Amino acid sequence: MPLVIMSRKGVFALSASARLDTSPPVSDEVRTTTCYMCACRCGIKVHLTDGRIRYIEGNPDHPVNRGVLCAKGAAGIMQHYAPARLTKPLRRIGERGECAFQEIEWDEALATATQWLGRIRSTDPRRLAFFTGRDQSQALTGWWASQFGTPNYAAHGGFCSVNMAAGGMYTIGGSFWEFGEPDWDRTRYFMLFGCAEDHDSNPLKIGLGQLKGRGVKFVSINPVRTGYSAIADEWLGIRPGTDGLLVLALVHELLRAGKVDLDYLIRYTNAPWLVIQEPGAADDGLFVRDEAGRPVVFDRTAQALRPAGDPDVRPALKGEVTLPDGRRATPVFHLLAERYLAETYSPEAAAARTGIPAATIRRIAAELAHAAFDQAVALDVPWTDAWGRRHERMVGRPVSMHAMRGISAHANGFHTCRALHVLQILLGTIDAPGGFRYKPPYPKPIPPGPKPAGKAGEVAPGQPMAGPPLGFPTGPEDLLVEPDGTPRRIDKAFSWEAPLAAHGMLHTVIANACAGDPYPIDTLFMYMANMAWNSAMNTAGTIEMLTAKDPATGEYRIPRIIYSDAYFSEMVAYADLILPDTTYLERWDCISLLDRPISSADGPGDSIRQPVLPPDRDVRPFQDVLLDLGARLALPGMVEADGTASYPNGYADYLTYHERKPGIGPLAGWRGADGTGTGRGAPNPEQLQRYVEHGCFWRDELAPEARFYKHANRAYVDYAARMDFIERAEPIVLQLYSEELQKFRLAAEGHGAAQPPARHRERVRAYFDPLPFWYPPFEGTAGDEAAFPLHAITQRPAAMYHSWGSMNAWLRQIHGSNRLYLHRRRAGQLGLADDDWVWVTSRHGRIKAQIRLMDGVNPDTCWTWNAIGKRAGAWNLAPEAPEATKSFLLNHLIDELLPEREGGYRYANADPVTGQAAWYDLRVRIERAPAEAGLSAPQFAPLRPPASLPARPATSSYGQAFRRPR
Ligand code: SF4
């Protein structure tokens, strides 16, 4: 067949022999690995010529991206060769922020860190605060913290999307992204909440492409129409922070129309479980349980109480039951319907707050119902449920949803995320064909184990902790607080201030450490967390805290800061000891089932990074360094009985030989001495080699009968228990009503041994509602809404992952500066035109920015791209680079604390349930500013790159060496 080419000059037919070769060999070696230009973890092929990177392509065999590569992934070359790469360990010799560093050897760097950390461990391990950023080795870093003995550990989740994760884990035992995905092949209606160009990047693009090809309706709910919203069939430009109200208004409409899947609710959820209704009693709001502790339902046939989960029972979903002891009880569904059928959640009430017309809310609810109930899909796949009943087909409700930071980074985000899952449950879509599908190892029990370690008896000098620093509390007794309620963690996670802070609270560490609240620390040890710039609220204030000194001693309030990064980021300037990391193409790495793996709904998967090139600088992979420090400190598990290092070859050894429990290690593929084990098995010395031979990833396929209803599918729960995903092969019941939350509320009402201090009582009582509810974000209610009438939010662009692309010459050409985007009509009301300069003022601060007008934004909202603005000189950019002179950060406007309450106490600017940073609650006003020199504000003194960095090239370019002579 000839190849037909159509061009503006005509149509040409090429014979087979004359065909263009669109992918001629250009390299002398190709190595597979995993991209790390964002958090999506696509498979890539790195082409090398003469030991240098020629180009990067997507790996077509990889399950995450199937060959798709985004602009960031392709620009990995410029990340790898960036002139901002650190080259040698550094010790601070001037004041913090002066960038006066002395180059030192690794031996000295590691000896210094060992001395600092060893002293802490032998006296009070809590005086080490160890926090990481978008770290993909949390299974290692969390374990290291445990073995060190400090509870003061977390990664970046607390300021990213813990509401999304925790909201899901406390409701369905899973969530979106790494936890689950839409059934792209079968869904017939898709709703996307709060997602611009975000986590799960390439899979979402591939999935949306599929939906477009099948003509499936795609509705995007986002204050800003960029990224995915640009191709949505319908865009709802909602007011920030009101998504939960919209979702519950949809629930209101579905309940009113009787469009909920009652069979699904009875089989798979706690809808029929009886809830005690005895206001004021210690058991009010808890589930009725039988003598064996099982929740109880009311059997309509037998007119008697029966244990929940008995498949032969016809449980009541409404009405009131009088228990044998005289107490009254009501099914969960009854309470739920009562709440959401109330006028508070009517489309009219929601319209006034969300900006979405009531008629639109009604129509969307009707469309959801139509897709779910009139277009049900059925797969001819027989399966057996967890109670042993055989089903001939898998019937599903083809409605699916996805959400991310836009709905979770609010002070009401936890309940909003839970509300979204309640909506999916009511429609019967959770792990049903066409709906949301869990990715193994999810679903997990609700909530999953383990609980956070760090109670008084669990932290001792020279000892490891008994468990991990992060986990999922099930009641007040699991909090990490002193008897008087004082937080035991430096970030106040798992305290009465943020009881379910499952990912910790990185955003509060520096402020608390500087204030010595709840206690002073000795060393702040951080990895990949740019806290002196775009990863901090109140950036200028954070810089002040990093440099604040105790007037009595002249010492820094945070006495020591150790920092590891591959690049000269803003945070480097404020560290005392810098441990230079490699780029992602120079090290072993692991995307583990023990962490956040690359599974698909059809089977578990994990992957690795292999060193594509050796480092050409005096740098070391952070994970190797951490294990080396562990051995020097003689941390349990990191040294042998004779004192030698357990993992002398660093992370590669750890990945191969570490066992979390017998047979379970960081990697699930090719286990066992002969490499034939899957999931379980002894360490295999050849394991990494097998991964490299297989494209650096492993995956397993679930049997067809195990692929849906995983929470209640016999074949799946047996498989999951075999693989150690769950402890027992038992069904997981979806929790519309959360008894865990009610336990906290009861404590606030004065019941139980663990109760909140008076200061926190009302707050815990109000926000630990066992059913999701909507309340206005605090930034609006606590401040003067009239003085700050606009919402201000950021969006992540497709071509820049926060500050990760700051040093990347190719990506800088796409996003070298940012503007503040404003609705055309609103700008007109303010007398502003395109390109004008404005002051943007919040209750906390003021910045100066240049505006751009558009139509695709909620009229009460202004927005900008995230993390484009840079500190002059950082990332080895010229001080006059547009990132520093024209660009800006909204971070300067965001206070890390809420306004003072009665008694002077200031809560973190965060969700009261999980402590998630409420970035997107920011309120501002905008006024014209003089253009003057066209400089954004504030401007900071330029940072001076360490002398060991290469000189800044006037022009960054790459690839001339590969040009063929003409
Ligand atoms: S989405 Fe792009 S940057 Fe992110 S991992 Fe995939 S290819 Fe890399």
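The values are calculated or read from the model by the stated rules, or taken from the named source; none is laboratory data. These numbers were taken from a predicted model, which means no experiment stands behind them. Reconstructed Cβ throughout: ideal geometry from the backbone, glycine too, with neighbour counts over all protein chains shown. Note: accessible area is taken over every heavy atom of the protein model, side chains too, but ligands, DNA and RNA are not part of it. Shrake-Rupley method; radii C 1.70, N 1.55, O 1.52, S 1.80 Å.
For this structure, a couple of remarks:
- Sulfur and carbon atoms: percent of accessible area, the chain [1.4 Å]: 50 percent
- Gyration tensor verdict on region 809-959 (Cα atoms; rounded if a/c is under 1.5, prolate if a/b is larger than b/c, oblate otherwise): oblate
- Per-residue SASA remark: residue 370, around 90 Å² accessible (1.4 Å probe; ligands, DNA and RNA not included).
- Cα-based shape type of region 515-562, given that a ≥ b ≥ c are square roots of the gyration tensor eigenvalues and the cut on a/c is 1.5: prolate
- Computed with a 1.4 Å probe over protein heavy atoms only, the accessible area of residue 537 comes to about 10 Å².
- In the context of the full set of protein chains, residues of region 185-316 present 35 Å² of accessible surface per residue (probe radius 1.4 Å, heavy atoms only).
- Ranked from largest to smallest solvent-accessible area, with a 1.4 Å probe on the protein heavy atoms, 902, 197, 785, 338 come out as 902, 338, 785, 197.
- Helices in the chain, meaning DSSP H runs of at least 4 residues, each add -39500 (n - 2.57). Divided by all residues, the mean residue ellipticity at 222 nm is -6500 deg cm²/dmol.
- Protection proxy ranking of 339-349, 662-672 - average other beta-carbon atoms within 10 Å, highest first: 662-672, 339-349
- Spin-label pair residue 855-residue 390: with each label point 7 Å from Cα along the Cα-Cβ axis, the two points sit 5.9 nm from one another.
- Mean Cβ count within 10 Å, highest first, over the residues of peptides 86-95, 948-957: 86-95, 948-957
- Relative contact order (%) - criterion: Cα under 8 Å, at least six apart; region: the chain: 17 percent
- Protein heavy-atom accessible surface, 1.4 Å probe, per residue over region 373-480: 27 Å².
- All other residues whose Cβ lies under 9 angstrom from that of residue 436 are scored, Lys and Arg at +1 and Asp and Glu at -1, for a net of -2.
- Region 879-951 and region 195-266 have Cα centres lying 31 Å from one another.
- Ranking by accessible area, most exposed first, for 484, 135 with a 1.4 Å probe: 484, 135
- Partners of residue 455 within straight-line reach, counting lysines whose Cα lies under 27 Å from its Cα and excluding those fewer than 8 residues away in the same chain: 444, 492, 661, 743.
- Alpha carbon centroid spacing (whole Å) that separates region 32-95 from region 561-627: 12 Å
- Dipole of region 486-545, positive end: most advanced residue of 500, 512, 531 [Cβ charges, Cα centre]: 500
- Accessible area per residue for region 700-773, computed on protein heavy atoms with a 1.4 Å probe, is 37 Å².
- Prolate/oblate/rounded call for region 578-642, Cα gyration tensor, a/c under 1.5 rounded: oblate
- Accessible surface for residue 383 stands near 10 Å², nearest 10, in the context of the full protein assembly shown (1.4 Å probe).
- Listed peptides 928-937, 142-151, 350-359, 424-433 by packing density, highest first (mean Cβ within 10 Å): 424-433, 142-151, 350-359, 928-937
- Reachable lysines, given that their alpha-carbon falls under 22 Å from the alpha-carbon of residue 439 and they are not under 8 places away in the same chain: 205, 710
- Antiparallel content of DSSP bridges confined to the chain, in %, to 5: 65 percent
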